[in-house]
Each structure stands twice: as C-alpha cells, then as structure tokens.
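A.B. asks: Below you'll find the structure I mean.
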C-alpha cells in the first residue's frame with residue numbers, strides 16, 4: 001500500500017498559518033504586562049513513552065484517556081509506525097481534552113522537558129521468553145536512549161517497563177546518573193494486581209479493597225507476602241486457610257504460580273500482553289505525577305532493605321510514590337525466614353547479572 | 001496451559017467464601033438473597049475482539065461507562081487472552097464484570113451491543129462479494145444478539161458501515177431508532193481536529209459535520225463549521241490565498257484520507273475509533289442527548305425517498321432510547337443532491353442483498 005502522506009494540518013493545504021490570531025484577538029497590553037501574552041508560566045505535564053509497540057501504546061493511550069498528561073511524546077525506531085500511532089491518537093481530538101501529542105525517532109529532541117519518561121523496549125521473540133541475548137540487546141538500546149533522556153530532562157522521573165525489569169531498571173539508573181529515588185521499574189505492581197484480583201473474586205469484594213503484595217524479583221521467583229494480605233484493612237490469611245480443605249504451603253504456592261504465570265498465560269492466548277500493563281503503569285504515573293503518596297510494589301534500589309543484602313540491586317518492594325519519585329520504602333515488612341532467604345537469593349542472582357553488564 | 005482465572009480453579013472452596021468473611025445483616029424476610037442486584041447493571045457487549053473491538057472495549061472500561069462488559073469472537077484463545085488481559089488490571093479500575101465467549105449467549109441482557117466483526121477482503125475480491133460475505137456473517141451474529149437482548153441498542157462499526165447498519169436493522173427486527181452505525185462520527189472528529197489546530201483552539205470548541213456515506217463519498221458541510229458557537233466558514237475562506245472548491249476538497253480529502261494514512265503507517269486504526277465509539281456509548285447509556293453525526297435511517301430527510309430505507313450519517317440526538325431525533329440541516333442544493341446520490345447508490349447495494 002502506498003504510504004501517501006496526507007495533509008495533517010490546514011497550513012499544509014495552503015491555509016494561512018497566522019490566521020488563528022485573526023479569528024481570536026488578544027486583549028490589549030496593559031502597563032504591567034511584560035509582553036508574555038499567552039505564554040504559559042507553568043510548564044505543562046509531559047510524559048514521554050519510548051517504544052511504541054503494544055505495551056508502549058497501551059500505556060500511552062491509557063495515560064491519555066485518564067487525563068494524566070498535557071503533552072505526550074512517542075518515540076520509536078520505526079518512524080512510520082510511530083507517526084501512525086500519533087495520528088491515531090490525534091484523530092480522537094474531539095473526544096478528549098486537549099493534549100499535545102508528538103512523535104518521531106529522535107529521543108533527545110522529542111523527550112526534552114519530560115516530567116516522566118517511560119521506557120519500553122523490544123520484547124522477546126517468541127514473546128514471553130527472554131534470555132541473555134535479549135538482555136544484551138536491550139541494554140544496548142538503553143545505552144543509547146537513557147543518556148539522551150537524562151540530558152533533555154535532567155529532572156525527570158524514569159520508569160522502566162521492559163523485562164528483565166529489575167536488571168534493566170538498574171542499568172537505566174546507572175546510565176542516567178539520576179538519584180535512585182527517581183528511577184523505578186514497573187516490577188511486581190501488575191503481579192500484585194493479579195493476586196488481588198484472584199483474592200477479591202473469591203471473596204466477592206472489589207479488588208481495590210484487597211491489599212496484597214508480590215515483591216522481590218519480577219518473574220518466576222517473585223514472593224507473595226501472605227502475611228500482608230488484608231481485605232478492607234483486615235488480615236485475611238487465617239480465613240483463607242479455613243476455606244481450603246487441605247491448606248498448606250503447596251496451596252499458597254499454587255496461587256503464587258498462577259499469579260506469576262499470568263502474563264505468560266495471556267501471551268500464550270493472544271500473542272502478547274498489553275492492556276493490564278497499560279493500566280498498571282498509568283496507575284504508577286498517576287501516583288508519581290499527581291504526588292499521590294500511594295504505596296505500590298515497584299522495582300527500586302533495594303540496598304539496605306533486605307536483611308543480609310548489601311548489593312546495589314533493584315527489586316520490588318512496597319514504596320510510597322509521589323512527585324519526587326520513591327519517597328520511601330516499606331522498612332518494617334514481616335518476612336518469614338523462607339521469604340527472606342528467597343529475596344536474598346534473588347538479590348544475589350540479580351547482582352551477578354548487573355555486574356555482567358559492564359556498566 | 002491450565003485455566004487459573006479463579007481461586008476455585010486452584011481448589012479453594014468457592015461456596016460461601018464471601019458470606020464467611022463477610023456476613024449479611026440479619027433479615028427475617030423471605031426475600032431473595034442479598035447478592036441479587038435489585039437494579040440491573042449497565043452491560044455493554046462488543047462483538048469482535050480485534051484491534052477495533054478491543055480498543056472500544058478498553059476505552060469503555062477506562063472511562064467507566066459499564067458495570068459489565070461481554071466480549072465475543074470466533075477465536076476462543078484470542079478472546080480469552082483479551083478478557084484476561086483486561087481482568088488482570090482489576091486493582092487499577094473500579095469493579096467491572098468482564099465475561100467472554102464464542103457463544104452469543106454471553107451478551108444476554110445487554111444495554112448496548114457494539115458490532116465490529118467483519119470479513120476480511122480477499123485479494124482481488126469484488127466489493128459486492130465481500131459485502132455478501134459480511135451479510136452472511138451478520139446473519140450469524142445479529143439474530144442471536146437481538147434475541148438475547150431484545151431491548152438493546154445496536155451500534156454497528158464494521159465497514160461498509162452504512163450498508164451493514166441497514167443489514168443489522170433488518171436482521172434484528174428492532175425499531176430503527178435503536179440501530180445506529182458509527183458513521184462519520186470519527187471523520188467529523190478529524191475534521192474538527194484540523195480546523196481546531198489551525199485556529200489554535202480546543203477541538204471540543206469546534207463544531208463541524210461530515211455527513212452522508214462514510215468513506216470516500218462523505219460530505220463536509222462547510223456551513224456547519226463554528227468555533228465557540230460562531231460561524232467560522234467565512235473567516236477560514238478569508239485566510240486562504242485562493243479559496244475555492246479545490247481548497248475545500250483538499251480539506252475533505254485530508255479528513256477522509258486520515259484513516260488510510262494511519263492504516264498505511266501502523267497497519268490498522270484502533271485508538272481513534274475506540275474513543276469515537278466510547279463517546280457514542282456515553283451519550284447513549286447516560287442519556288446525554290448529545291448530537292453526533294452517526295448512521296441513521298435517513299429516508300424522508302433531504303429529499304431521500306421515504307421508500308428507500310437507507311442508513312447514512314446525519315446529526316442525530318442520542319440518548320438512552322437511541323436516536324431521539326435527527327437534525328434538519330440547512331444544506332445547499334448541491335449538498336442535498338450529493339446526499340441523495342449517495343442514498344441512491346446505497347439503496348441499490350442494499351437491494352442486491354436479499355434481506
């Protein structure tokens with residue numbers, strides 16, 4: 001199909017671009033007006049999404065629908081595709097509050113002045129399986145992308161979504177030169193939603209009233225903090241134990257595996273996962289940009305928070321998020337001996353991976 | 001891959017789980033259990049879980065327009081994957097019941113049914129042949145949907161939307177005010193976007209209608225362009241160095257070509273039609289009485305013969321009862337004639353469909 005570039009503005013069709021000032025005229029300048037006229041004094045909230053694939057676009061579109069940004073920049077190596085995605089969002093202008101949407105391949109130019117930069121990288125093929133080769137490729141992309149983002153948006157928050165998210169969040173932190181409080185990975189935020197949904201449906205309550213954390217290394221070894229499960233603020237573990245015929249560690253492990261296998265289940269059925277991670281990241285974006293001080297389990301610099309671990313690794317812990325990024329990390333987690341040792345083991349493994357990156 | 005969408009799949013006792021942890025207040029009446037909803041919840045069904053159907057479903061979900069969403073598709077794995085992908089976001093959304101199935105029974109008691117299913121054009125296939133295949137597809141979809149939700153509103157998105165809205169109307173047996181097509185609602189948004197960008201004003205403050213047959217022959221009604229309620233056509237004309245038919249046609253083609261451009265670049269369109277249909281859903285379900293250019297039964301308007309039951313886009317007032325009314329636009333003779341010409345072509349196509 002021929003890629004005929006259609007006119008996307010009236011000026012491209014020969015209409016006088018300075019016309020707008022005629023239809024609406026400005027109020028006359030007064031003595032105390034220093035000539036700024038219609039200039040905005042406060043910068044609009046800008047979110048950049050790097051990577052316009054299924055995940056990046058689900059994130060961008062959810063952020064747009066939820067009215068979280070005044071300006072959205074989409075960056076991708078595929079110039080044609082990202083332009084198409086931008087147009088597809090712009091065409092909905094009559095149905096949304098006004099949001100400036102820009103798109104292209106130049107990371108620095110497009111992301112300049114971001115309040116939040118979200119990085120999604122090429123996924124694995126086949127989708128869902130990632131190994132050393134993918135890690136190396138994605139780190140190479142980060143080496144190009146992150147310094148450019150940091151240069152154009154030195155005060156930005158950085159949110160890494162791609163897998164393996166804990167290693168990549170670490171790499172992004174190192175490459176950005178940012179304080180660790182401003183770099184997070186989406187981590188186990190979505191896994192926790194899956195756990196909460198399973199429990200909520202079982203108990204007939206809304207998932208927003210179920211609190212339950214998955215923490216640690218995102219993926220197969222994420223830890224479910226069983227003692228943390230509460231419904232409407234009330235601990236529910238002992239009740240769950242009563243409703244299952246032979247309740248034991250195996251039953252809990254079954255739930256945990258169902259949760260961490262959730263993404264792979266969706267990928268196996270529809271070929272990729274997008275909507276849920278879109279909502280998950282938009283939820284993080286809201287807490288960050290609107291300074292909500294909400295607690296989310298996200299991948300962050302966990303040094304000093306896991307007994308026995310002194311490495312500078314990123315893994316997921318419940319953290320208070322706000323405009324400054326990670327405002328604080330839950331420091332009084334009640335971990336069983338098993339949970340603690342799993343986290344320590346994850347930290348060790350992650351540290352090995354991080355060191356091998358050579359950053 | 002074993003199914004794990006509930007704790008009962010994992011062996012947990014589902015019966016009485018909720019009434020154990022939470023117990024109902026004491027009630028000695030013999031009424032039905034407290035778990036039965038006393039007022040029906042708002043249910044939207046989307047037929048077709050492709051890019052368009054899912055963008056629509058997801059936007060309706062994000063905008064919290066429904067309490068229950070049902071997804072239907074012919075491909076069971078894809079369908080289940082899409083439903084799960086939405087369900088996994090439960091902690092980030094108000095509680096919405098999401099169900100899916102290849103059987104239309106899952107759409108029962110819908111308030112609104114959105115149809116996005118459509119046959120894909122085979123290389124070299126003639127338009128009429130594709131149309132006939134779509135009619136066969138709609139024969140499988142529309143009657144069961146109508147039977148399961150006899151009071152629903154039907155919203156057709158599949159292309160060619162005007163003909164297929166007519167088909168859905170015929171096959172459903174519904175009154176025409178309860179069957180609409182997404183029509184030129186999105187084209188009009190593109191039109192408004194272009195004008196709004198040019199005037200540096202919010203697109204919601206620009207009114208401008210594309211009407212008629214959705215697609216290459218849609219009509220831009222220049223006299224309807226207004227900004228904050230003020231007619232803007234004359235001003236636009238003054239801002240072009242050589243304003244003429246060609247200039248207007250250039251704008252119209254940029255609007256119509258917008259969809260093709262997106263398809264050429266990303267392979268399909270999704271987000272914009274998602275927002276467009278969600279906007280229609282909001283007006284319908286929340287009885288907003290807003291005016292949208294959508295494909296409605298147009299016979300009797302602008303000289304279109306009463307006997308010619310064609311659907312094409314006109315500005316229509318939408319609410320809980322569907323199409324509450326259609327605006328009589330002040331069209332030039334040329335515009336009215338073009339509309340009648342489209343109606344004639346559409347009518348001729350509809351005649352070939354044995355409905």
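The values are calculated or read from the model by the stated rules, or taken from the named source; none is laboratory data. Computed from a predicted model, the values in this text were never measured in an experiment. Using ideal geometry, Cβ is built from the backbone for each residue, glycine included, and neighbour counts are taken over all protein chains shown.
A.B. asks: Against the conditions (1) within 9 Å of another protein chain (Cβ to nearest Cβ); (2) surrounded by 23 or more Cβ atoms within 10 Å (Cβ to Cβ); (3) in contact (Cβ under 8 Å) with a residue 40 or more places away in the chain, where does residue A:264 fall short? Just the number, please.
C.D. replies: (2)
A.B. asks: Additional query: For region B:225-250, enumerate the residues that are free of Cβ contacts under 8 Å to residues at least 24 places away in the same chain, in a strand (DSSP E or B) and within 9 Å of chain A (Cβ to nearest Cβ).
C.D. replies: Across region B:225-250, the qualifying residues are B:230, B:240.
A.B. asks: Would you please name the residue that is farthest from the other protein chains (Cβ to nearest Cβ), looking only at residues in region B:177-222 that are part of a loop (DSSP other than H, G, I, E, B) and crowded, with 21+ Cβ neighbours inside 10 Å?
C.D. replies: Once the filter is applied, the top-ranked residue is B:213.
A.B. asks: Take region A:192-216 and flag every residue that is without any contact (Cβ under 8 Å) to a residue 60 or more places away in the chain and closer than 17 Å to residue A:257 by Cβ.
C.D. replies: Answer for region A:192-216, where residues must be without any contact (Cβ under 8 Å) to a residue 60 or more places away in the chain and closer than 17 Å to residue A:257 by Cβ: A:196, A:197, A:199, A:202, A:212.
A.B. asks: Still on this structure: Picking from A:9, A:2, which residue would you name as being modelled with pLDDT under 95, assigned to a loop (DSSP other than H, G, I, E, B) and in contact with a strand residue (DSSP E or B) (Cβ under 9 Å, 6 or more places away or on another chain)?
C.D. replies: So the residue among A:9, A:2 that is modelled with pLDDT under 95, assigned to a loop (DSSP other than H, G, I, E, B) and in contact with a strand residue (DSSP E or B) (Cβ under 9 Å, 6 or more places away or on another chain) is A:9.
A.B. asks: Another question, then. Right, residue A:219: at positive phi and either crowded, with 18+ Cβ neighbours inside 10 Å or without any contact (Cβ under 8 Å) to a residue 60 or more places away in the chain (or both) or not?
C.D. replies: When the stated conditions are applied, residue A:219 passes them.
A.B. asks: Consider region A:319-333. How many of its residues are surrounded by 22 or more Cβ atoms within 10 Å (Cβ to Cβ) and over 12 Å from residue A:301 (Cβ atoms)?
C.D. replies: Of the residues in that region, 1 qualify.
A.B. asks: Would you say residue B:146 is under 30 Å from residue A:258 (Cβ atoms) and in contact with a helix residue (DSSP H, G or I) (Cβ under 9 Å, 6 or more places away or on another chain)?
C.D. replies: no
A.B. asks: Only strands (runs of 3 or more DSSP E) wholly contained in region B:251-332 count here; list those with 3 or more residues that are within 25 Å of residue B:49 (Cβ to Cβ) and more than 9 Å from chain A (Cβ to nearest Cβ).
C.D. replies: B:290-297
A.B. asks: Looking at this structure, is residue B:108 under 25 Å from residue B:171 (Cα atoms), surrounded by 20 or more Cβ atoms within 10 Å (Cβ to Cβ) and away from chain A (no Cβ under 14 Å)?
C.D. replies: Taking the combined requirement at face value, the residue does not satisfy it.
A.B. asks: Only one of these conditions is not met by residue B:144: (1) more than 22 Å from residue B:50 (Cβ to Cβ); (2) surrounded by fewer than 23 Cβ atoms within 10 Å (Cβ to Cβ); (3) touching a residue at least 40 places away in the same chain (Cβ under 8 Å). Which number is it?
C.D. replies: If we test residue B:144 against (1) more than 22 Å from residue B:50 (Cβ to Cβ); (2) surrounded by fewer than 23 Cβ atoms within 10 Å (Cβ to Cβ); (3) touching a residue at least 40 places away in the same chain (Cβ under 8 Å), just (1) comes out false.
A.B. asks: Looking only at region B:52-64, which residues are more than 12 Å from the chain's Cα centre (by Cα) and more than 10 Å from chain A (Cβ to nearest Cβ)?
C.D. replies: B:64
A.B. asks: Which one is surrounded by the most Cβ atoms within 10 Å (Cβ to Cβ), of the residues in region A:65-78 that are within 10 Å of chain B (Cβ to nearest Cβ) and touching a helix residue (DSSP H, G or I) at 6+ places or on another chain (Cβ under 6 Å)?
C.D. replies: A:65
A.B. asks: Right, next: Go over the candidates A:88, A:115 one by one and state the one that is within 27 Å of residue B:201 (Cα to Cα), away from chain B (no Cβ under 14 Å) and either in contact (Cβ under 8 Å) with a residue 60 or more places away in the chain or crowded, with 20+ Cβ neighbours inside 10 Å (or both).
C.D. replies: Selected residue: A:115, the only one of A:88, A:115 that is within 27 Å of residue B:201 (Cα to Cα), away from chain B (no Cβ under 14 Å) and either in contact (Cβ under 8 Å) with a residue 60 or more places away in the chain or crowded, with 20+ Cβ neighbours inside 10 Å (or both).
A.B. asks: If we keep just the residues of region A:267-281 that are surrounded by 20 or more Cβ atoms within 10 Å (Cβ to Cβ) and at the interface with chain B (Cβ under 7 Å from one of its Cβ atoms), which is farthest from residue A:114 (Cα to Cα)?
C.D. replies: Out of the qualifying residues, it is A:269.
A.B. asks: Could you list, in sequence order, all residues of region A:230-259 that are in contact with a strand residue (DSSP E or B) (Cβ under 7 Å, 6 or more places away or on another chain) and either surrounded by fewer than 16 Cβ atoms within 10 Å (Cβ to Cβ) or assigned to a loop (DSSP other than H, G, I, E, B) (or both)?
C.D. replies: Those that are in contact with a strand residue (DSSP E or B) (Cβ under 7 Å, 6 or more places away or on another chain) and either surrounded by fewer than 16 Cβ atoms within 10 Å (Cβ to Cβ) or assigned to a loop (DSSP other than H, G, I, E, B) (or both): A:230, A:236.
A.B. asks: Right, residue B:119: modelled with pLDDT under 95, under 27 Å from residue A:267 (Cα atoms) and more than 15 Å from the chain's Cα centre (by Cα) or not?
C.D. replies: Spelling it out, residue B:119 is indeed modelled with pLDDT under 95, under 27 Å from residue A:267 (Cα atoms) and more than 15 Å from the chain's Cα centre (by Cα).
A.B. asks: Looking at (1) within 12 Å of chain A (Cβ to nearest Cβ); (2) at pLDDT 95 or above; (3) not in a loop (DSSP other than H, G, I, E, B), find the lone condition where residue B:44 falls short.
C.D. replies: It is condition (1) that residue B:44 fails.
A.B. asks: Residue check: is residue A:255 over 24 Å from the mean Cα position of the chain (by Cα) and at pLDDT 90 or above?
C.D. replies: For residue A:255, the condition - over 24 Å from the mean Cα position of the chain (by Cα) and at pLDDT 90 or above - is met.
A.B. asks: Looking at this structure, is residue A:59 surrounded by 17 or more Cβ atoms within 10 Å (Cβ to Cβ), modelled with pLDDT of 80 or more, touching a strand residue (DSSP E or B) at 6+ places or on another chain (Cβ under 9 Å) and more than 14 Å from every other protein chain (Cβ to nearest Cβ)?
C.D. replies: no
A.B. asks: Only one of these is closer than 24 Å to residue B:253 by Cβ, more than 9 Å from chain A (Cβ to nearest Cβ) and either out of contact with any strand residue (DSSP E or B) (no Cβ under 7 Å at 6 or more places or on another chain) or in contact (Cβ under 8 Å) with a residue 40 or more places away in the chain (or both): B:167, B:157. Name it.
C.D. replies: B:157
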